[in-house]
Amino acid sequence: MIQNHPIRAAFSESYFSNTSTPSMRKLTLVARRAAEAGFVELVEPQPVGRAELDQIHDPAYVHSILSGEGPLSKCAFGYWSEDYRDGVLAINGGNLLAARLALEDGIAANVAQGFHHAAPPNGGGYCTFNGLALVASCHPDIEVFVLDCDEHGGDGTAEFTKTLPNLFNFSICGTGMAAFEGPQSIVRRVPPRDEKQAHQYMQEALDLIGERRPGLVIYQAGMDPHLDDPLSRSKMSGEFLAARDEFVMKTLLIELGIPFFFVLAGGYQEPMEKKLVPLHVQTFEIASRINHQRRK
Ligand SMILES: [Zn+2]
């Protein structure tokens, strides 16, 4: 019999926003199903404060999102609503909470996004404020290593590595977007359907984590590389994505003992209830199983 031990995960009902893509619509369903199955214990975050956001983003941009005034072209979705703003603030509070839970428990999650396309002056690609850079900014004494396995490269996070000395970004993606390589940024492009190459890149990233021994890893467990996803170019199978999650989490938690939390990242299949939500819930199932193995 497979046994699970629930992990603690940040989640709030206010994460929900009726976005055009499943981006912020899928979160409530994933959290509910993962909690009902006993994979997670949900913990309510406080919304992130303005001062924390001003540390990493242009204060004028932060003001425009908080108030709904100013150029909407800078917003991630090209529109603004109160529930969208409140969701984004709660989710980023959730990233800070998940970091604290990870440092306490070794493993944790935020049932939401890292928002890796958001850059210092503006948002982009469904991402408003960069929650990965936010965690690095709020934990200046430790290295925060982002292992980004979304279908799209973390271009916003790569931008933030220029100004946050404790942030390291490793993107393994099918579509590079504008993610670039730099002293603290590595980008690996996976050719279509090449799961062997994708696995080798995972190994390379985990070897580097073993060498650098960061204080915290944030794993972007994207489900948009899935072969049925409308945005997928790399076309990875569901089996590969499950093996990927297991490989990452087992290595970090059991072999290396480096604290980490994961976020859902991308995933756009509709209707989301049928395939997309189960793919994300599977990540929580794997996490709770590995958490149980560690405790034996
Ligand atoms: Zn993506």
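The values are calculated or read from the model by the stated rules, or taken from the named source; none is laboratory data. This structure is a prediction, so every number in the text was calculated from the model and none was measured. Glycine gets a Cβ as well: all are built from the backbone with ideal geometry, and neighbour counts include every protein chain shown.
Answer with yes or no whether R8 is in contact (Cβ under 8 Å) with a residue 60 or more places away in the chain and not in a loop (DSSP other than H, G, I, E, B).
It is true that R8 is in contact (Cβ under 8 Å) with a residue 60 or more places away in the chain and not in a loop (DSSP other than H, G, I, E, B).
Output the residue which, of all residues in the stretch 52-72 that are polar (S, T, N, Q) and surrounded by fewer than 17 Cβ atoms within 10 Å (Cβ to Cβ), is farthest from D86 (Cα to Cα).
Of everything passing the filter in the stretch 52-72, Q55 is farthest from D86 (Cα to Cα).
Tell me, which helices (runs of 4 or more DSSP H) lie completely within the stretch 47-143 with 3 or more residues that are touching a residue at least 12 places away in the same chain (Cβ under 8 Å), in contact with a strand residue (DSSP E or B) (Cβ under 8 Å, 6 or more places away or on another chain) and among the small types (G, A, S)? So that I can check it myself, show each step before the final result.
On the way: elements: 50-56, 59-67, 82-105, 131-138.
Counting at least 3 such residues, we get 82-105, 131-138.
Among the residues of the stretch 129-144, what is the count of those that are β-branched (V, I, T) and within 15 Å of the ligand (Cβ to nearest atom)?
As a first pass, look at the stretch 129-144 and keep what is β-branched (V, I, T): 135, 142, 144.
Next, from what is left, pick out any that are within 15 Å of the ligand (Cβ to nearest atom): none.
Adding up the residues that qualify gives 0.
Closer than 29 Å to G106 by Cα and more than 16 Å from the ligand (Cβ to nearest atom): which single residue out of P183, P271 fits that description?
Of the residues listed, the single one that is closer than 29 Å to G106 by Cα and more than 16 Å from the ligand (Cβ to nearest atom) is P183.
From A265, A221, A205, A287, grab the single residue that is closer than 29 Å to I142 by Cα, among the small types (G, A, S) and at pLDDT below 95.
A265
Scan the stretch 239-248 and tell me whether some residue there is buried (at least 21 other Cβ atoms within 10 Å of the Cβ), farther than 23 Å from G176 by Cα and more than 13 Å from the ligand (Cβ to nearest atom).
no
Can you work out which of the residues in the stretch 145-176 that are under 25 Å from D245 (Cβ atoms) and in a loop (DSSP other than H, G, I, E, B) is farthest from the ligand (Cβ to nearest atom)?
Restricting to residues being under 25 Å from D245 (Cβ atoms) and in a loop (DSSP other than H, G, I, E, B), the top hit is T161.
List pairs: first residue in the stretch 170-192 and over 17 Å from A265 (Cα atoms), second residue away from the ligand (no atom under 13 Å from the Cβ) and part of a strand (DSSP E or B) anywhere in the structure, Cβ distance under 7 angstrom, at least six positions apart or on different chains.
Going by the 7 Å Cβ cut-off, the qualifying pairs are F180/V187; E181/V187; Q184/L167; Q184/F168; Q184/N169; S185/N169; I186/F170.
Taking only the stretch 252-266 into account, find how many residues are more than 16 Å from the ligand (Cβ to nearest atom) and either farther than 14 Å from S288 by Cα or in contact with a strand residue (DSSP E or B) (Cβ under 7 Å, 6 or more places away or on another chain) (or both).
9
If the Cβ limit is 7 Å and pairs must be 6+ apart or interchain, which residue in the stretch 200-217 that is in contact (Cβ under 8 Å) with a residue 40 or more places away in the chain pairs with which residue that is among the basic types (K, R)?
That search, which allows pairs on different chains as well, returns M202/R244.
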